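J.: Have a look at this one before I ask anything.
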Amino acid sequence: MSVSLVVLRLELAETSPVPGGFPYSAAATEMSDEEIQEKSLAAATASLDGKEPVEKAAIIHQHIGRREMTDMIIETIKPDAALKAVMEEGKASEASSPDDRSKHNGQSGGVGTAPDSPSKQLPDQISFFSGNPSVEIVHGIMHLYKTNKMTSLKEDVRRSAMLCILTVPATMTSHDLMKFVASFYDVIEHMKIIRDSTPNQYMVLIKFSTQADADSFYMTCNGRQFNSIEEDVCQLVYVERAEVFKSEDGASLPVMDLTELPKCTVCLERMDESVNGILTTLCNHSFHSQCLQRWEDTTCPVCRYCQTPEPVEENKCFECGVQENLWICLICGHIGCGRYVSRHAYKHFEETQHTYAMQLTNHRVWDYAGDNYVHRLVASKTDGKLVQYECEGDICQEEKIDALQLEYSYLLTSQLESQRIYWENKIVRIEKDTAEEINNMKTKFKETIEKCDSLEHRLNDLVKEKQSVERKCTQLNTKVSKLTTELKEEQEMNKCLRANQILLQNKLKEEEKLLKETCEQKDLQITEVQEQLRDVMFYLETQQKINHLPAEARQEIQDGQINIAMASSAGSSAGGPGKPSSRKGRGKRGK
């Protein structure tokens, strides 16, 4: 047995609360919640990405269509062993005897101490809640999608541990539903009863502990009647995932690799070909085959389109397509509208001189030349067939019939002759017009050939010019590339020269500074040498003078002493290294 998996998507309004515990995914162990949500909204995100808010709202409204968001009631039922125990204890206490209660009361009343007042026993704060915590009300639309893969129950593949009962009659209460699944109560984690705007039915989601339990429930309850009185059966499908999205996130947009299941307009149930047979009519509306069998009419339940249409004559005017007040020419069969519509039948008479035309509704013949009716046959009121018109009394005789035959033959001959003349004249005019058109076409053809030749010459010239311009462009590009290379080289050389210039300037400054120091040292040395030379000259002059003096004077000078003042000693010490040598010489000279 092959089964298909479905995807439940709850599209919520912007202000609607999110129901707790509703999301589910059979692939939760393989993918995270964020990855599942991103995969589900991939197509919607691609469609709405980069759109303005107004465009997004228009796209969402287009996909929602005429569906309206309604209030949905989601009731969660969880098996609770503790709750069972409490209920059993309550039943046991109710079943206890009155004597036991009286004894218990007597024992408790025998205590001598008086109980505290109720006001002292009450706590300061009391926690409470209002409403049913297991019932949630949301506002939105429930979408049911079918996956494109089929799996067999015999195959050991991953399906889902959640099943969905598509339709449960509203006559079944929660207690009846619990009785229906009582044999699997121990392996059910929770059940969610979803009631939307669909009348007289609701949907149930059942989460089992393992997939094996879900398979067992599917094999046991799928196709089984809810009770022996009603014909409604349990229709189960595997739920691959259940998800909740806001409408503004693009929840109503198509989902990749999924097909949304429509509702049958007869029973208002979801249509799945794996559960029930689906039949599509000529008007492209789909229904359950069983629902369409109950529909005894041959028309479509939605649009009332007749599935076995009767043949209808498609007579219409050849010119404007009007189907009212039509006349058919008795000569060529042309159908045109009457003079009170667009006068195409009368225009046909003016063009072709076909005098007689018959009205299609009552088969009366009109003579355009005589401007009156000339028919001899009328339609019977009983069966609508054409019968011969009978005159009142016995006036109609054979002579009149012969005269009518001769008149008809004459009229037919004259009409055929006029038609021959008309068509011959028309053929002559057509030949003449055709010859003129041929001559004009020949002239235009020659002019066109000449223009083509001139354009070809012009094209050749332009091609040559293009080639020359391309060559020039190639040369210029080569020159530009060469100049660009040279410019880069010159820029590199200029950069190097600037760097060398800076280095040379620094060296020049250092050399100038060194030269200045050298010049200063040289000036100092020259000054010292000049002083030493002056001292030597002074020594020589003094020696010469002393040599010219008499011996007694030389002896006095030798025996004499020279005292030098402190200022002169300081000045001589500041004078440089040449001073001591001068003093020594003078001393020697004095000796």
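J.: Cβ-Cβ under 8 Å, sequence separation 6+ or interchain: first residue in the stretch 215-239 and under 13 Å from MET172 (Cβ atoms) and acidic (Asp, Glu), partner open to solvent by 50 Å² or more (accessible area, probe 1.4 Å) and not in a loop (DSSP other than H, G, I, E, B). Which pairs?
T.: Listed by first residue and then by second, the contacts come to ASP232/GLN225.
J.: Across the stretch 147-166, which residue is farthest from ALA27 (Cα to Cα) among those that are of a type in the set (Lys, Arg) and open to solvent by 20 Å² or more (accessible area, probe 1.4 Å)? Spell out the reasoning first.
T.: First, the residues of the stretch 147-166 that are of a type in the set (Lys, Arg): 149, 154, 158-159.
Next cut, open to solvent by 20 Å² or more (accessible area, probe 1.4 Å) only: 149, 154, 158.
Details: LYS149: 15, LYS154: 20, ARG158: 9 Å.
This residue is LYS154.
J.: Okay, moving on. When the residues of the stretch 201-217 are narrowed to those that are assigned to a helix (DSSP H, G or I) and open to solvent by less than 20 Å² (accessible area, probe 1.4 Å), which ends up farthest from ASP176 (Cα to Cα)? So that I can check it myself, show each step before the final result.
T.: So the first thing to find is which residues in the stretch 201-217 are assigned to a helix (DSSP H, G or I), and the list is 211-217.
After this cut, where a residue has to be open to solvent by less than 20 Å² (accessible area, probe 1.4 Å) as well, the list is 214, 217.
On the way: ALA214: 20, PHE217: 17 Å.
The selected residue is ALA214.
J.: Give the residues of the stretch 167-200 that are open to solvent by 30 Å² or more (accessible area, probe 1.4 Å) and not in a helix (DSSP H, G or I), sorted by residue number.
T.: ALA170, THR171, THR173, GLU189, HIS190, ARG195, ASP196, SER197, PRO199, ASN200
J.: If you check CYS337 against the conditions, is it open to solvent by less than 40 Å² (accessible area, probe 1.4 Å), closer than 20 Å to ILE421 by Cβ and modelled with pLDDT of 85 or more? Let's see the steps before the verdict.
T.: Numbers: open to solvent by less than 40 Å² (accessible area, probe 1.4 Å): yes; closer than 20 Å to ILE421 by Cβ: no; modelled with pLDDT of 85 or more: yes.
So CYS337 fails the test.
J.: Please find, among GLU437, GLU511, GLU456, the residue that is under 30 Å from ILE331 (Cβ atoms), at pLDDT below 95 and part of a helix (DSSP H, G or I). Working first, answer last.
T.: On the way: GLU511 fails: under 30 Å from ILE331 (Cβ atoms); GLU456 fails: under 30 Å from ILE331 (Cβ atoms).
Selected residue: GLU437, the only one of GLU437, GLU511, GLU456 that is under 30 Å from ILE331 (Cβ atoms), at pLDDT below 95 and part of a helix (DSSP H, G or I).
The values are calculated or read from the model by the stated rules, or taken from the named source; none is laboratory data. This structure is a prediction, so every number in the text was calculated from the model and none was measured. Backbone-built Cβ (ideal geometry, glycine too); neighbour counts: all protein chains shown. The area values use the complete protein model at the heavy-atom level, side chains included, leaving out ligands, DNA and RNA. Shrake-Rupley method; radii C 1.70, N 1.55, O 1.52, S 1.80 Å.
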